[in-house]
1. So B:Gln37 fits all but one of (1) within 12 Å of chain A (Cβ to nearest Cβ); (2) surrounded by fewer than 14 Cβ atoms within 10 Å (Cβ to Cβ); (3) in contact with a Gly (Cβ under 9 Å, 6 or more places away or on another chain); (4) not aromatic (Phe, Trp, Tyr); what number is the exception?
2. Which of the residues that make up the range A:66-78 are outside any strand (DSSP E or B) and exposed (fewer than 13 other Cβ atoms within 10 Å of the Cβ)?
3. With the condition kept exactly as written, say whether any residue in the range B:49-61 is at pLDDT below 90, closer than 21 Å to A:Phe46 by Cβ and at the interface with chain A (Cβ under 10 Å from one of its Cβ atoms).
4. Going by what's in this entry, would A:Gln81 be described as loosely packed, with under 15 Cβ neighbours inside 10 Å, under 30 Å from B:Gln6 (Cα atoms) and at pLDDT below 90?
5. Identify the residue in the range A:17-33 that is of a type in the set (S, T, N, Q) and part of a strand (DSSP E or B) and, among all such residues, is farthest from the other protein chains (Cβ to nearest Cβ).
6. With respect to the numbered conditions (1) crowded, with 18+ Cβ neighbours inside 10 Å; (2) assigned to a strand (DSSP E or B), which one is the sole condition not fulfilled by B:His29?
Amino acid sequence: DQQVKQNSPSLSVQEGRISILNCDYTNSMFDYFLWYKKYPAEGPTFLISISSIKDKNEDGRFTVFLNKSAKHLSLHIVPSQPGDSAVYFCAASAQISGTYKYIFGTGTRLKVLA
Amino acid sequence: ETGVTQTPRHLVMGMTNKKSLKCEQHLGHNAMYWYKQSAKKPLELMFVYSLEERVENNSVPSRFSPECPNSSHLFLHLHTLQPEDSALYLCASSQDSPGFYGYTFGSGTRLTVV
């Protein structure tokens, strides 16, 4: 049973437009939500996060929105740039049996077209 | 050198071979992790070490054997693997409670079992 789901395996967006990546979760005990970006042949790199007590966090072109009632997380990239083309993973964390665990989604491949 | 370094980057091994993956972090973190990434699947947590003590073994087959000699180094010893074990193996490190800041990942080892 997947606790964190990214239902869109891929997304194409024109340069300069908004990219919206979505993530759904099932466990209301998650307390942090994160987005990672992964280029080919590299490990995932941390992009932006949000605490469960907030509904929005912004960092430059990247904004993460959290809707706790819908158990939904989204990442907005405005404006999108060709260098943003990568696989984006959402992750949710909770302390389980004394250990902090992150549960990852399957990723969404974003392609920004020049 | 900074960050999390994994070697080798690529590894091809036969089912009867024994090999080891190495991970080194220079961030002063006290927790280290092994993750497995298979195609179209979420990142799967394999092992967690906190302060050099294994705190999590996520039902991983015994043909995978982790070792953490100190807080900067983590190994994954492999023996008698199966072709379905072919995947990207990612090492990560964090402070003990990563929470808002997540993990720092290495670039991974692409393992092919033939």
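The values are calculated or read from the model by the stated rules, or taken from the named source; none is laboratory data. Computed from a predicted structure; not experimentally measured. Cβ placement follows ideal geometry from the backbone for every residue including glycine, while neighbour counts extend to all protein chains displayed.
1. (2)
2. Passing the criteria: A:Ser69, A:Ala70.
3. Looking for residues that are at pLDDT below 90, closer than 21 Å to A:Phe46 by Cβ and at the interface with chain A (Cβ under 10 Å from one of its Cβ atoms), one finds at least one in the range B:49-61, hence yes.
4. Spelling it out, it is not the case that A:Gln81 is loosely packed, with under 15 Cβ neighbours inside 10 Å, under 30 Å from B:Gln6 (Cα atoms) and at pLDDT below 90.
5. Filtering the range A:17-33 for residues that are of a type in the set (S, T, N, Q) and part of a strand (DSSP E or B), the one farthest from the other protein chains (Cβ to nearest Cβ) comes out as A:Ser19.
6. Exception for B:His29: condition (2).
Yes/no per residue for (1) part of a strand (DSSP E or B); (2) within 11 Å of chain A (Cβ to nearest Cβ); (3) over 10 Å from the mean Cα position of the chain (by Cα):
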| position | (1), (2), (3) |
| --- | --- |
| B:Met46 | yes, no, no |
| B:Leu78 | yes, no, yes |
| B:Leu81 | no, no, yes |
| B:Cys91 | yes, yes, no |
| B:Pro98 | no, yes, yes |
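Residues checked against (1) assigned to a loop (DSSP other than H, G, I, E, B); (2) exposed (fewer than 14 other Cβ atoms within 10 Å of the Cβ); (3) away from chain B (no Cβ under 14 Å):
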site: A:Trp35; (1), (2), (3): no, no, no
site: A:Pro40; (1), (2), (3): yes, yes, no
site: A:Gly43; (1), (2), (3): yes, no, no
site: A:Ile48; (1), (2), (3): no, no, no
site: A:Asn57; (1), (2), (3): no, no, no
site: A:Val64; (1), (2), (3): no, no, no
